Amino acid sequence: MLEELKKKVCKANLDLVKHGLVIFTWGNVSAIDPETKLVVIKPSGVSYDDMKPEDMVVVDLDGKVVEGELRPSSDTPTHLVLYKEFPNIGGIVHTHSTYATAWAQAGMDIPNIGTTHADYFHDDIPCTADMTEEQVNGEYEAETGTAIVQRFESLNYIHTPGVLVKNHGPFSWGKDATEAVHNAVVMEQVAKMAFVSLTINPSLTMNPLLVEKHFMRKHGPNAYYGQKK
């Protein structure tokens with residue numbers, strides 16, 4: 001079942017290691033099949049060194065395991081909430097990458113202060129609010145997804161394909177698992193750049209015209225970055 005998608009999700013998980021975004025088992029990637037609405041996700045606590053496509057777990061949007069011998073990632077409920085509430089995404093990544101996680105632990109949005117950020121994320125990369133006692137002691141992982149959705153009530157989740165969960169870490173998404181990983185890599189890099197920049201100049205500013213120019217030249221109706229498809 002969904003053998004090609006399992007291969008893609010497995011590769012995307014291994015790409016997290018290649019790009020230095022995870023150590024041990026600190027991360028997960030999933031993707032949703034647009035036809036069946038089934039989700040393929042990394043198994044919980046399995047070493048990247050030993051991971052194979054057949055280890056990937058298939059679940060439905062209610063979290064029921066449809067295929068797989070292993071337990072799905074403990075973050076699966078978070079992914080499922082995002083697939084339900086953000087219908088135009090096809091892949092999700094969660095990591096504990098150093099700089100993005102540091103911003104999450106500090107409870108701070110990553111400010112859009114450079115053209116690298118603006119090329120991929122239109123707005124500041126937002127950080128969620130504190131989770132309540134009820135959320136933490138209830139269906140915690142699903143409530144994490146709800147906290148993300150609430151943070152995007154006034155934001156475009158396609159234009160800003162990533163978030164920081166306060167005190168926890170980053171999630172990113174894209175049209176598929178590969179793009180979600182790409183956005184996770186970019187998020188970590190701009191988190192690092194923002195930290196260094198604010199260390200050099202805490203009073204720095206960003207020209208909003210540059211934000212619009214760089215975002216729209218890649219993502220706008222008249223985008224001209226890259227080659228024609």
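The values are calculated or read from the model by the stated rules, or taken from the named source; none is laboratory data. Computed from a prediction, not measured in an experiment: that's the story for all the values here. Ideal geometry is used to build each Cβ from the backbone, glycine not excepted, and the neighbour counts take in all protein chains shown. SASA here: full protein model, heavy atoms, side chains in, ligands and nucleic acids out. Shrake-Rupley method; radii C 1.70, N 1.55, O 1.52, S 1.80 Å.
Can you find, within region 135-154, the residue that is nearest to the chain's Cα centre (by Cα) among those that are closer than 30 Å to R217 by Cβ and open to solvent by 40 Å² or more (accessible area, probe 1.4 Å)? Explain how you work it out, then say what you get.
So in region 135-154, the residues closer than 30 Å to R217 by Cβ come out as 148-149, 151-154.
Checking the rest, the ones that are also open to solvent by 40 Å² or more (accessible area, probe 1.4 Å) come to 151, 153-154.
Numbers: R151: 14, E153: 17, S154: 18 Å.
Checked region 135-154; the qualifying residue nearest to the chain's Cα centre (by Cα) is R151.
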Seminar exercise, completed: The correct count of residues that are closer than 18 Å to V40 by Cα, open to solvent by less than 30 Å² (accessible area, probe 1.4 Å) and of a type outside the set (G, A, S) in region 155-187 is 3
Seminar exercise, completed: Of the candidates N207, N222, the one satisfying the condition of being open to solvent by less than 90 Å² (accessible area, probe 1.4 Å), over 22 Å from A129 (Cβ atoms) and more than 24 Å from the chain's Cα centre (by Cα) is N207
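Answer with yes or no whether V66 is surrounded by fewer than 21 Cβ atoms within 10 Å (Cβ to Cβ), more than 16 Å from I89 (Cα to Cα) and touching a residue at least 40 places away in the same chain (Cβ under 8 Å). Steps first, please.
Details: surrounded by fewer than 21 Cβ atoms within 10 Å (Cβ to Cβ): yes; more than 16 Å from I89 (Cα to Cα): yes; touching a residue at least 40 places away in the same chain (Cβ under 8 Å): yes.
Criteria met by V66.
Given M131, M193, which one is free of Cβ contacts under 8 Å to residues at least 40 places away in the same chain, closer than 25 Å to W26 by Cα and surrounded by 12 or more Cβ atoms within 10 Å (Cβ to Cβ)? Even if it seems obvious, please write down each step before you answer.
Details: M193 fails: free of Cβ contacts under 8 Å to residues at least 40 places away in the same chain.
On inspection, the qualifying residue turns out to be M131.
Tally the residues that are outside any helix (DSSP H, G or I), open to solvent by 50 Å² or more (accessible area, probe 1.4 Å) and either within 19 Å of L204 (Cβ to Cβ) or small (G, A, S) (or both), restricting the search to region 77-108.
The initial filter retains those residues of region 77-108 that are outside any helix (DSSP H, G or I), namely 86-97, 107-108.
Checking the rest, the ones that are also open to solvent by 50 Å² or more (accessible area, probe 1.4 Å) come to 87-88, 96, 108.
With the extra rule that they be either within 19 Å of L204 (Cβ to Cβ) or small (G, A, S) (or both), the set shrinks to 108.
The qualifying residues number 1.
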For this session: Exactly one condition in (1) touching an Asp or Glu at 6+ places or on another chain (Cβ under 6 Å); (2) over 12 Å from Y120 (Cα atoms); (3) of a type outside the set (G, A, S) is not met by I200; state its number.
Result: (1)
For this session: Looking only at region 18-32, count how many residues are part of a loop (DSSP other than H, G, I, E, B) and open to solvent by less than 30 Å² (accessible area, probe 1.4 Å).
Result: 2
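Tally the residues that are open to solvent by less than 10 Å² (accessible area, probe 1.4 Å) and assigned to a loop (DSSP other than H, G, I, E, B), restricting the search to region 33-63.
Residues of region 33-63 open to solvent by less than 10 Å² (accessible area, probe 1.4 Å): 39-43, 56-59.
Applying the additional criterion that residues be assigned to a loop (DSSP other than H, G, I, E, B) yields 42, 56.
Summing the residues that are open to solvent by less than 10 Å² (accessible area, probe 1.4 Å) and assigned to a loop (DSSP other than H, G, I, E, B) in region 33-63 gives 2.
Within region 182-215, count every residue that is under 25 Å from G107 (Cβ atoms) and in a helix (DSSP H, G or I). Let's see the steps before the verdict.
Taking region 182-215 first, the residues under 25 Å from G107 (Cβ atoms) are 183-206, 208, 211.
So of that shortlist, the ones also in a helix (DSSP H, G or I) come out as 183-200, 208, 211.
Of the residues in that region, 20 qualify.
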Exercise. Conditions: (1) assigned to a loop (DSSP other than H, G, I, E, B); (2) under 15 Å from the mean Cα position of the chain (by Cα); (3) not aliphatic (A, V, I, L, M). D130 meets all but one. Number of the miss?
Worked result: (2)
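Just to be sure before I move on: is L14 under 26 Å from S97 (Cα atoms) and open to solvent by less than 30 Å² (accessible area, probe 1.4 Å) in the structure I sent? Step through it out loud before you land on a result.
Values: under 26 Å from S97 (Cα atoms): yes; open to solvent by less than 30 Å² (accessible area, probe 1.4 Å): no.
No.
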